Amino acid sequence: MIDILAYGFGQRALLAGVLVALTCSTLGVFLVLKRQSLISDGLGHVSLAGIAAGVLFGFYPIYGAIAAVFAGVFGINALRKLRIPGDAAIAILFSAGLALGVVLISASKYASADLLSYLFGAILGIGYTDVYLALGLGFAVMATIYVLFKELFAVTFDPEFARVSGLPVERLELVFTLLTGITVVISIKLVGILLVTSLIVIPAVSAMLLRLDFKNTLLAANAIAVLSVVIGLMASFYYDLASGGTIVLVSVGIFAAVLANSRIWQR
């Protein structure tokens, strides 16, 4: 780790990686408990359209991803109001965003090289703009969760009781989906569009296997995500491996270890 921190790119990668790990794992616990894990995958593929538009028209692709994800969030919300089931709404927007992204990529002659880092992640190659953007968006997500923690907790565990209690459940669901979209955007440069759901879901599921109370589950998910990022960064740096895939494989390894340990304790 000391060798990595000797370089500017290593410092940026570690700072952004830890921030993204904390954001993803915190939101991931809520997503898994709400059984909405795949919404992050759907919004990740929707973001491909915005990234492809940025590459094609010459603006910063992450800004395009933000616009596409926000459009996807409001699109999913609008379809739900039309009584389209939530999973079907996600699938429709997933397909539309992915198709539009493919069309825009085919229209660009220089898309392949630029898009590769967004598809598979390139945290060791991020610049200060990526770090500042991740810092700002990550702080916004964590601050919102902190302020609305009790409300999000109630909606996650018992939405009907929350509605009867007078909480604006529909608005809270929209806010939560927006937070998911923002988290997807800041994760793209870390692990890529194709693996973004992994960093959100796997640490959360691993922490739940420990059978702790809710707050300690959040802390455990944070620790697992940060550990995955740190070990993944070190392995990718020393062995010249793809950073995004390495980070996800480390998280899968931790999940396997926790799962095996939980089975042993059950016996």
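Residues satisfying the criterion are absent from region 112-120 (criterion: within 23 Å of the chain's Cα centre (by Cα), surrounded by 17 or more Cβ atoms within 10 Å (Cβ to Cβ) and within 20 Å of Leu27 (Cβ to Cβ)).
Would you confirm whether any residue within region 203-222 is surrounded by 15 or more Cβ atoms within 10 Å (Cβ to Cβ), closer than 25 Å to Thr129 by Cα and in contact (Cβ under 8 Å) with a residue 12 or more places away in the chain? Yes: one or more hits. Per the conditions (1) of a type outside the set (Asp, Glu); (2) closer than 30 Å to Asp240 by Cβ; (3) not in a helix (DSSP H, G or I), the sole criterion not satisfied by Ile51 is (3). Would region 96-112 turn up any residue that is farther than 30 Å from Val169 by Cβ, among the charged types (D, E, K, R) and out of contact with any strand residue (DSSP E or B) (no Cβ under 6 Å at 6 or more places or on another chain)? Yes, region 96-112 contains at least one residue that is farther than 30 Å from Val169 by Cβ, among the charged types (D, E, K, R) and out of contact with any strand residue (DSSP E or B) (no Cβ under 6 Å at 6 or more places or on another chain). Counting only residues that are in a helix (DSSP H, G or I) and in contact with a helix residue (DSSP H, G or I) (Cβ under 6 Å, 6 or more places away or on another chain), which one in region 27-37 is surrounded by the fewest Cβ atoms within 10 Å (Cβ to Cβ)? Of everything passing the filter in region 27-37, Leu33 is surrounded by the fewest Cβ atoms within 10 Å (Cβ to Cβ).
Looking across region 194-223 at every residue that is farther than 24 Å from Thr246 by Cβ and among the polar types (S, T, N, Q), the one that is nearest to the chain's Cα centre (by Cα) is identified as Thr217.
For the criterion of being touching an Asp or Glu at 6+ places or on another chain (Cβ under 7 Å) and modelled with pLDDT of 85 or more, Leu167 passes. One residue stands out in region 54-84 among those that are outside any helix (DSSP H, G or I) and among the hydrophobic types (A, V, I, L, M, F, W, C): the one that is surrounded by the fewest Cβ atoms within 10 Å (Cβ to Cβ), namely Leu82.
When Ser40, Ser47 are checked against the criterion of being closer than 13 Å to Thr183 by Cβ, more than 11 Å from the chain's Cα centre (by Cα) and buried (at least 18 other Cβ atoms within 10 Å of the Cβ), Ser47 stands alone in meeting it. Per this entry, Val226 is not counted among residues that are within 25 Å of Ser117 (Cβ to Cβ) and more than 14 Å from the chain's Cα centre (by Cα).
Taking region 203-251 as the range and being among the β-branched types (Val, Ile, Thr) and over 20 Å from Ala122 (Cβ atoms) as the test, the residues that pass are Val205, Thr217, Ile224. Against the definition (touching a His at 6+ places or on another chain (Cβ under 9 Å), surrounded by fewer than 19 Cβ atoms within 10 Å (Cβ to Cβ), in a helix (DSSP H, G or I) and of a type outside the set (A, V, I, L, M)), how does Ser95 come out, yes or no? So Ser95 passes the test.
The listed residues are Val29, Val20, and the only one of them that is in contact with a Leu (Cβ under 8 Å, 6 or more places away or on another chain), closer than 24 Å to Tyr132 by Cβ and among the hydrophobic types (A, V, I, L, M, F, W, C) turns out to be Val20.
The values are calculated or read from the model by the stated rules, or taken from the named source; none is laboratory data. Keep in mind it's a predicted model, so treat the numbers as computed, not measured. Note that each Cβ is placed from the backbone with ideal geometry, even for glycine, and that neighbours are counted across all protein chains shown.
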